[in-house]
Structure formats: structure tokens, C-alpha cells
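Below: the structure, in C-alpha cells.
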Amino acid sequence: MKRQKLIGLFLSGLLFLGLFISGCTPTEKTDDSNSTQPLPTAEQVELTLYFAEEGAAGLSAEQRTVEIENLDELPSVVVKELIVGPKNSNLYPTIPPETQLLSLAVEEGTAMVDFSQDIISKHWGGSAGETMTLMSLVDSLTELSEIDRVQILVEGEKIDSLLGHWDTSQPLERNESIILRPQS
């Protein structure tokens with residue numbers, strides 16, 4: 001009988017030792033406060049961007065798929081993709097590539113888009129060039145349901161005109177008459 005108790009105690013000790021070594025103890029609690037949250041997953045979104053046709057004859061749409069983690073940043077992504085320029089070799093850029101997007105906020109349907117001074121100083125100029133820049137920006141952003149019009153800012157300030165041909169002191173609205181080919 002004593003021998004069975006000793007064997008029982010010995011086996012219980014081995015079991016306890018095995019649990020202790022493996023890290024499983026009956027009183028162990030897990031602390032979830034420091035557990036890692038799953039990383040946000042990127043979502044693929046198809047954009048319609050408008051770029052200039054040869055000779056600034058009008059705008060044509062280019063479809064582009066982008067991955068984005070936060071859909072609130074979609075308007076900024078649209079502008080940044082316009083700055084990158086078209087992928088289609090038959091279309092032409094509308095915003096100087098040196099231009100930086102400083103900020104973008106959407107308030108009551110108006111996108112307040114703030115650019116670096118490069119949008120003016122690096123622009124190739126002319127009334128047709130200014131038209132392509134402004135309408136490319138406005139028509140691309142108003143493809144998004146939450147945007148109806150676009151207010152251009154440069155270095156945080158409203159400007160009377162980008163290059164002297166358009167009044168940009170007030171928000172600009174979509175102009176579909178300049179779109180030659182809706183989708184490419």
C-alpha cells in the first residue's frame with residue numbers, strides 16, 4: 001500500500017513537472033490587453049482618372065486599380081495618382097510631377113485640395129494646359145460620391161487663378177463636356 005502511494009506521488013510529481021516545464025499551470029491567466037490586433041487589410045478600389053488627350057483636345061478616362069487600407073484617404077489617392085500621370089501612353093499628364101499634395105479635406109461635398117507652389121511654378125502654362133489641369137482634377141475627384149466640387153488651394157491659400165485663365169477663387173464643379181472618351 002505504501003508502495004502504491006509512493007508510485008502515485010511519483011507519477012503526480014512527474015505530471016506536475018511536465019505541466020510546469022510546458023508552461024501550462026492550472027492557475028495561469030492570459031492577459032489579452034497586450035495582444036496584437038489584426039493588421040488592416042488593403043482593399044482594391046477602381047478609380048476613374050481623367051488625363052489630357054493629344055493637343056489638349058479634351059480629357060479621356062483611364063481606369064486604375066489601387067490598393068488602399070483606409071477608404072477615407074481615397075480622395076488623396078485620386079490626386080496622388082493624377083500627379084503620377086497616365087499609364088496609357090496615348091494620354092498626357094495634367095499636373096506637374098513635382099507638385100505635392102499638402103492636404104485634402106472634404107467638407108459638405110467640397111474637396112479642399114491644397115498643393116505646393118509647384119503646381120504653378122512648374123506648370124507648362126497656357127489656357128488649354130490650365131483647363132486640362134483643373135478639369136482633370138475636378139472631374140476625377142467628382143467621380144467619388146462624396147465630392148460635388150473642388151476648391152483649389154496653393155500653400156494653404158485660395159488663389160484667384162492657377163495661371164490667369166480660370167477663376168479658382170470659388171469651388172469648381174464637374175464639366176463633362178470636356179470628356180472625350182469616358183473610359184479607356
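The values are calculated or read from the model by the stated rules, or taken from the named source; none is laboratory data. From a predicted model like this one, the values you see are computed outputs, not experimental measurements. All Cβ positions, even for glycine, are placed from backbone atoms using ideal geometry, and neighbour counts span all protein chains on display.
Structure above, values below:
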quantity: Qualifying positions in region 151-169 - closer than 21 Å to Val78 by Cα and in contact with an Asp or Glu (Cβ under 8 Å, 6 or more places away or on another chain); calculated: Leu153, Val154, Glu155, Gly156, Leu162, Thr168
quantity: Subset of region 78-110 [within 19 Å of Ala128 (Cβ to Cβ) and in a helix (DSSP H, G or I)]; calculated: Leu82
quantity: All positions within region 51-63 that are surrounded by 15 or more Cβ atoms within 10 Å (Cβ to Cβ), out of contact with any Lys or Arg (no Cβ under 7 Å at 6 or more places or on another chain) and not in a helix (DSSP H, G or I); calculated: Phe51, Ala52, Glu53, Gly58, Leu59
quantity: Single residue of region 43-52 satisfying the filter (at pLDDT 95 or above and not aromatic (Phe, Trp, Tyr)) that is nearest to Pro93 (Cα to Cα); calculated: Ala52
quantity: So Leu180, is it more than 23 Å from Ala61 (Cα to Cα) and part of a strand (DSSP E or B); calculated: no
quantity: Residue count, region 81-109 (criterion: over 20 Å from Leu163 (Cβ atoms) and surrounded by fewer than 16 Cβ atoms within 10 Å (Cβ to Cβ)); calculated: 10
